[in-house]
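Where a number appears in this text, it was derived from the coordinates with a stated rule and is not lab data. Model, not experiment: these values are computed from the prediction. Note: ideal-geometry Cβ built from the backbone for every residue, glycine included; neighbour counts use all protein chains shown.
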Amino acid sequence: MPEANPRVGEYVYAAKVRELLKTHGEPPKEVYLDLENSGLVPPEVVEAMLPYFNVRGYGHPSITHKKGWEALEVLYETKEILTKTLGARDVEEVEFTHSGTEANNLAVLGYLFAARGRGRKVIVSAVEHLSVIFPAEFAAKLLGYEVVKVPVDREGFVNPELLKQYVDRETVLVSIQAVNHEIGTVQPLRDLVDVAKSANPNVVFHTDAADALGWIPLNVADLNVDMVTLSSHKIGGPRGVGALYVRDGVRLEPPIRGQLSGERLWPGVENVPIIAGFKRALELEFEDFDWKVSYVKGLRDKLIHGLLDRVPETIVNGPLGEKRVANNANLSFLYVEGEALTVELSMRGVYVSSGSACSSRILEPSHVLLAIGRKHEEAHGSILFKLSRHHKPEDVEYVIESVPEAVSRLRALSSWRSAPSPPS
Ligand SMILES: Cc1ncc(COP(=O)(O)O)c(C=O)c1O
């Protein structure tokens, strides 16, 4: 066993985590609802991936031998499913990346590199995922673009009339997501595209649909969008593959460089076993789409109303009903620290995330919750629950029992009753 290196703290960090896991123990039941950040990959999906590690298709899909062709076969099968799902014209319009983050970077940076000299304005919504906002800001610094963030209303919607006021002759790119990842708002995408393109027909419209795939129809012709981001692990596939739809005729300049393989715009060999898992996840998620959406919506409403009934001083973040995506429930439990609540719930076997799911290792309040007008303390007390077809009504009942206990315990430890009244 090599000696610990005190300078870099080697072995110390893992030991601390090990200690944490030991004190955590085994809860009586487990319900995993942190699907925003990642989650369990169903056995059928794992099974579909396994042969591609060492039985078939473990070659490079661009190389001309059997193991390469087997890889190429599953790669094209997955692209064909995506092409069909999106109503795209050709498989060549779908590009693999290694994550949704990379697909968003490719869309935003790739287009802004290519569009230099054609205008200087980029419009994003104030509630975009940071993998859209940060590359847009980076392009502003690097290439002199101006980034304009369109505000949203208290439920997270971008008003098409407001967007119209922002789009002008200088605008080259508009990026507005299909569904918000934290508060589940389903944007009126076609209306937004229409106003943007009628204000400036040269505008390219990108939508980050990582949280929309598998939950709402996403036909690129119906929506009239030019670029669409997708991510495998958002639909029960494995982490490590994303895809970008780029309408034929929209030119991007690859923002990262290296040997191009089958992908025209994103260098690096495709992650074939992971792509095989993405394919299987797509097949499963679309098998009985209408049933799934209505089943999960039922679980979502049971969860939201169960918690509102059982936990006083609780508010829902985002819209209710049809304008909220089926799998999302986000509530703020006032006078409770969301981080403390995730730990308390973990002890009961309920796994969720707080504040801003993708940034909860950074204790900043979520920019999405601030954008819809939540105060810092309301944002910090928020918990995001994400459901799937794999959850059962008993799971939701267990969560409805566990959350009030956890919230009461934390509130008893704090002086919440002496805190100022919550907003009406
Ligand atoms: C809306 C949205 N876009 C993009 C991403 C990034 O996808 P990935 O985790 O595959 O990088 C996420 C991830 O949580 C997301 O929620």
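Let me have the relative contact order for the chain, percent, based on Cα pairs under 8 Å that are six or more residues apart.
About 20 percent, as a whole number.
Computed from the mean reciprocal separation of all distinct C-alpha pairs, what Kirkwood hydrodynamic radius does the chain have, in Å?
Its Kirkwood hydrodynamic radius stands at 22.8 Å.
Return P(r) of the stretch 146-196 (all Cα-Cα pairs; 5 Å bins starting at 0; whole %; ordered from short to long distances).
Pair shares across the bins are 4, 20, 33, 25, 13, 4, 1.
Under the rule a/c < 1.5 gives rounded, and otherwise a/b versus b/c splits prolate from oblate, where does the stretch 1-116 land using the Cα gyration tensor?
Prolate.
Evaluate the distance, in nm, between pseudo-label points positioned 7 Å from the Cα of R18 and of N224 along their respective Cα→Cβ axes.
6.1
Taking the Cα-to-Cβ direction at L162 and at E44 and moving 7 Å from each Cα, how far apart do the two end points lie in nm?
Reported label-point gap for L162 and E44 is 4.1 nm.
If we sort 152-165, 284-297, 69-82 on the protection proxy, mean other Cβ atoms within 10 Å, highest first, what's the order?
69-82, 152-165, 284-297
Once you have a ≥ b ≥ c as the square roots of the Cα gyration tensor eigenvalues for the stretch 50-286, tell me rounded if a/c is under 1.5, and otherwise prolate or oblate according to whether a/b is larger than b/c.
Prolate is the answer for the stretch 50-286, as a/c is 1.5 or above and a/b outweighs b/c.
Among H376, H129, H65, which one shows the biggest mean-square fluctuation in a GNM of the chain, springs joining Cα atoms closer than 10 Å?
Taking springs between Cα atoms under 10 Å, the residue moving most is H65.
Can you compute the FRET efficiency between K66 and E287 using 1/(1 + (r/R0)^6), with r the Cβ-Cβ distance and R0 = 25 Å? Round to the nearest 0.05.
FRET efficiency, K66 to E287: 0.20.
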